[in-house]
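J.: Sharing a structure below in structure tokens format, with a few things to ask.
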Amino acid sequence: MNAWLSRVTDTLTRIPGLTSHQRTFLAEALAEPGRYLLVHRDPVDLPATHAHALLFCGTGLFALRFAEGVPAELDEIHRDVEARFGRLQFGREKLVPHDVQLVLLVPAGIGVRVDGRFAVAGPGELDRVIRARQRHLRPTRVQAIANTVAHQSAREYDLLEFEEAAQGAADPALLDRSEVLAPQRNTALQRPFQHWMTFLDPEQEILVARNYTGPARLTGPAGTGKTVVALHRMARQARRSTGRQLYTTFVKTLANCQETYFRRLAPGTESRVQFAGLHAWALDFLAQRIAAPKLDPHGADRVFSRVWERARADFEDIEPRASYWREEIDRVIKGREIDDLDVYQRADRYGRNGVRLGDDRRADVWHKLYVPYVSEMRERGISDYSDVIAIALAEIRNEPLPEPYDAVVVDEVQDITLAGLRLAHAIAGGNGSSPLLLLGDGQQQVYAGGWRMAEAGIDLRGRGEILRVNYRNRRRVWENAAGIDAVNELGDFDDAPGVPLRDADVTLPDGVVRIWRGPDQYLEAALVDGIRGCGKPLSDIAVLTRTRHEAGRLAGALEAVGIATLPLEDYDGTPRAAVKVGAVHRAKGLDFAAVFHPTWPAGADSRTGAGRERAELAERQKLVAITRARDYAWIGIRDDRPEIQRGR
Ligand SMILES: Nc1ncnc2c1ncn2[C@@H]1O[C@H](COP(=O)(O)OP(=O)(O)OP(=O)(O)O)[C@@H](O)[C@H]1O
């Protein structure tokens, strides 16, 4: 036994009322210096609603309770623990009380089913549970928390004191272990998401704990912690009940990444807290109910191309790009559940009023594009993404879910279609008291079209919250992004203007923005130089492009010079030494230490018609790309004019 452990054992022996089995557990809790333990003064007559001990260490905060099964007073124990930690605040950092992990300490041979409300440790397992928590609290912060809680709970708990010498003791066994762990810890400390797992801005924390009696919405500019708040709400709920929860979004990557973070925040909840793109959820639901439709996006592309080739002459005078008309079908007609020409002719084409379509033009769209497209898709027996949402919506309306969700969170709601929003609402129960939480920011809309909240039949009735403190972007990065003229006539989708990024408060200083200007043919070389010179690890770099095609081109160029890449669609938040490359649409909601964004000079498109819509969309995409960068943003502006004109 090393010197530290013998001191721990001595101290524990002096506490009256503890059994030897309990002492062994508590000694394990104190397996290394830097951990602090508060032990209840009356372990024999411990109130049923209290923990036996509270443990503070670098990997997290714990409440320890000896048990032989799940205590009947589990909720009360949680409440008591949270009350003890709930008032701790360090400047603008409020401790998140539900992040204190309750651990049931059970005798050997007792099996307790873990469901995310608590962790379980048998003899010899506690140290592993403590290390697995993966919080990274600074030693001084751990000590400060321990002292404050000890002071506030002095009537019930005693802080075990050990001689100072123990901290600096040259204990070879301990030194070996910390040396081994140091590199891992340092890497982990660089990951920004650790901090918000235990500490939140007081304004965020209020929203985590706020109860809503119906659908609610959280808005605010990029990087203000909307998702962080939602994840904490889900974690808190998961502590309190064993009901199901769903986090969904139109962007598959985002659901995968947030799932990775959430599993660290609230381990053991896999079976009941689900993360899924809305299409994946719908396909799964349909497979269980009737049969999953045959989703074939490439087949749908081919069908539309054929239809377009036959009809293009009738539309090119308004807008020659096929993608514009495809979006008209996807985001306006199908996206808003329009199944009748009359309704289409009367519909407000939100977000698309750059191109005004009169009745005749809409009839053309209907008869020459929409109807032939739908007919051919039907003949082939294939579906596109909008069909999947439509079929799921019809099915759930016909027969609602038998088992309701405790919470349904929709992230990046500004990019969902109206039909998608209605489906999410239906999943949450489809009524005025549904536990639906919508997160979004109109300034970050990167897909065409739009809707109004009232059309979705969702009444937010004052349950709208705004976050304003940006925690992601360093000041220079934020300044650059805030200067982008990213407007959205739809505001925050509920007839309110929305808070623009420039009105956010920024917390992090410094940051780097590099602008490269040059001919397209030099883009690859400039990008390679930029990546090599940015000083960030490959695992924390992303190249975000406007199109998938361009992502493919640039990924190829990086691979060719030996820089490993990972398509953004395959990224799930797990660190890997490869540059993430993908279209900006796939990067929504995520962040990276450095972001490289190739773009074109603003104003390349005309300021009328579809060109204006495209230009506005491009500005919003640029804003999304740059606000993904925490420390370093590289903006590559293609400019083929002679050098003298570029002002070099
Ligand atoms: N209280 C906090 N303390 C420290 N970091 C925080 C805090 N809140 C958020 N962050 C950091 O800011 C980042 C942005 O948070 P989050 O993704 O929740 O913002 P968002 O409002 O959803 O952003 P966006 O709209 O751009 O997707 C997080 O990844 C995290 O690193």
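The values are calculated or read from the model by the stated rules, or taken from the named source; none is laboratory data. These numbers were taken from a predicted model, which means no experiment stands behind them. Cβ coordinates were reconstructed from backbone atoms using ideal geometry, including for glycine residues, and neighbour counts include every protein chain displayed. The accessibility values were calculated without ligands, DNA or RNA, using every heavy atom of the protein model including side chains. Shrake-Rupley method; radii C 1.70, N 1.55, O 1.52, S 1.80 Å.
J.: Determine the dipole magnitude for the chain: charges of +1 sit on the beta-carbon of Lys and Arg, -1 on that of Asp and Glu, nothing else is charged, the reference point is the Cα centre, and the result goes in debye to the nearest 20.
T.: 800 debye
J.: Multiply the residue gap between R502 and E569 by 0.36 nm, knock off their C-alpha separation, and tell me the result in nm, one decimal place.
T.: 21.1 nm
J.: For K252, list the lysines whose Cα falls under 24 Å from its own Cα; do not include residues on the same chain fewer than 8 positions away.
T.: K226, K294, K334, K580, K588, K622
J.: Right, next: If you project the alpha carbons of segment 511-638 onto their three principal axes, what span does each projection cover, largest first, in Å?
T.: Extents along the principal axes: 44, 30, 29 Å.
J.: Can you tell me the convex hull volume per residue for segment 58-156, based on C-alpha atoms, in Å³ to the nearest whole number?
T.: 111 Å³
J.: Taking the 0 to 90 degree range and rounding to the nearest ten, how far is the long axis of helix 371-380 tilted relative to the main principal axis of the chain, both from C-alpha atoms?
T.: In the chain, helix 371-380 runs at an angle near 60 degrees to the longest axis.
J.: Okay, moving on. Along the positive direction of the dipole of the chain (beta-carbon charges: Lys, Arg +1; Asp, Glu -1; about the Cα centre), which of W600, T248, L623 reaches farthest?
T.: Towards the positive end, the residue furthest out is W600.
J.: If you consider only alpha-carbon coordinates, what radius of gyration and Dmax does the chain have, in Å?
T.: 27.7, 91
J.: Under the rule of -39500 (n - 2.57) per DSSP H run of 4 or more residues, summed and divided by the residues of the chain, what mean residue ellipticity at 222 nm is obtained, to the nearest 500 deg cm²/dmol?
T.: The per-residue figure over the chain is -11500 deg cm²/dmol.
J.: Okay, next question. For segment 441-587, I need the span (max minus min coordinate) of the C-alpha atoms along each principal axis, in Å, sorted largest to smallest.
T.: Over segment 441-587, Cα extents along the principal axes are 55, 34, 33 Å.
J.: Amide H neighbours of L102 under 5 Å, at least 5 residues apart or on other chains, H built in the peptide plane: list them.
T.: For L102, whose amide H was placed from the backbone, the distant partners under 5 Å are A63, A119.
J.: What's the local net charge at R244, with K and R +1, D and E -1, over the other residues with C-beta under 13 Å away?
T.: With Lys, Arg at +1 and Asp, Glu at -1, the net is -3.
J.: Now a separate question. Just to confirm, what accessible area per residue do you get for the chain at 1.4 Å probe, in whole Å²?
T.: That works out to 42 Å² per residue.
J.: A further question on this structure: Would you work out which of P400, V96, N431 lies farthest towards the positive end of the dipole of the chain, given +1 charges on the beta-carbon of Lys and Arg and -1 on that of Asp and Glu, about the Cα centre?
T.: Of the listed residues, the answer is V96.
J.: A further question on this structure: Viscosity 0.692 mPa s, temperature 37 °C: Stokes-Einstein D of segment 185-315 from its Kirkwood Cα radius, in µm² per second?
T.: Diffusion coefficient, whole number: 183 µm²/s.
J.: Along the charge dipole of the chain, Cβ charges K/R +1 and D/E -1, which of W478, Y350, L278 sits furthest on the positive end?
T.: W478
J.: For the chain, which whole percent of the accessible surface, found with a 1.4 angstrom probe, sits on carbon and sulfur atoms?
T.: Carbon and sulfur together cover 49 percent of it.
J.: Something else now. Enter the Cα centre distance for the pair segment 382-450 and segment 201-238, rounded to the nearest angstrom.
T.: If we compute the Cα centre of each part, the gap is 19 Å.
J.: How high is the relative contact order of segment 396-457, given as a whole-number percent (alpha carbon pairs under 8 Å, six or more residues apart)?
T.: For segment 396-457, the relative contact order is 41 percent.
J.: Hey, another quick one. Can you list residues whose amide H is under 5 Å from Q274's amide H, if they're 5+ apart or on another chain and H is modeled 1.01 Å from N?
T.: Correct list: Q245, L246, Y247.
J.: Among DSSP beta bridges lying fully in the chain, give the percent that are antiparallel, nearest 5.
T.: About 25 percent, rounded to the nearest 5.
J.: Separate question: If I take every Cα pair under 8 Å that is 6 or more residues apart in the chain, average their sequence separation and divide by the length, what percent do I get for the relative contact order?
T.: The normalised contact order for the chain reaches 13 percent.
J.: Rounded, prolate or oblate: which one fits segment 366-470, using the alpha carbon gyration tensor with axes a ≥ b ≥ c (rounded when a/c is under 1.5, else prolate when a/b beats b/c, else oblate)?
T.: Since a/c reaches 1.5 but b/c is at least a/b, the shape of segment 366-470 is classed as oblate.
J.: Compute the Kirkwood hydrodynamic radius of segment 297-382, taking the inverse of the mean of 1/r over all pairs of distinct Cα atoms, and give it in Å to one decimal.
T.: Here the Kirkwood hydrodynamic radius works out to 13.1 Å.
J.: Follow-up question, since we're still on this one. For V543, what residues show an amide H to amide H distance below 5 Å, using hydrogens built from the backbone and excluding near sequence neighbours?
T.: Under 5 Å from the amide H of V543: K580, V581, G582, F596.
J.: Kindly write out, for segment 37-53 in residue order, the coupling ³J(HN,Hα) from the Karplus curve 6.51 cos²θ - 1.76 cosθ + 1.60 (θ = phi - 60°), rounded to whole Hz, with x marking Gly and Pro.
T.: Computed from phi, the couplings for segment 37-53 are 10, 9, 10, 4, 5, 10, x, 6, 9, 4, x, 4, 9, 10, 8, 6, 8 Hz.
J.: Further, regarding this structure: Mind listing the phi-derived Karplus ³J(HN,Hα) values for segment 421-433, rounded to whole Hz, using 6.51, -1.76 and 1.60 with θ = phi - 60°, and x for any glycine or proline?
T.: Result, rounded to whole Hz: 5, 5, 5, 4, 4, 5, 4, 7, x, x, 9, x, 10.
J.: On to the next question. In whole Hz and in residue order, list the ³J(HN,Hα) couplings for segment 80-97 that follow from phi through the Karplus curve 6.51 cos²θ - 1.76 cosθ + 1.60, θ = phi - 60°; x for Gly and Pro.
T.: Karplus-based 3J(HN,Hα) across segment 80-97 equals 5, 5, 5, 5, 6, 9, x, 9, 7, 9, 10, x, 8, 10, 9, 5, 8, x Hz.
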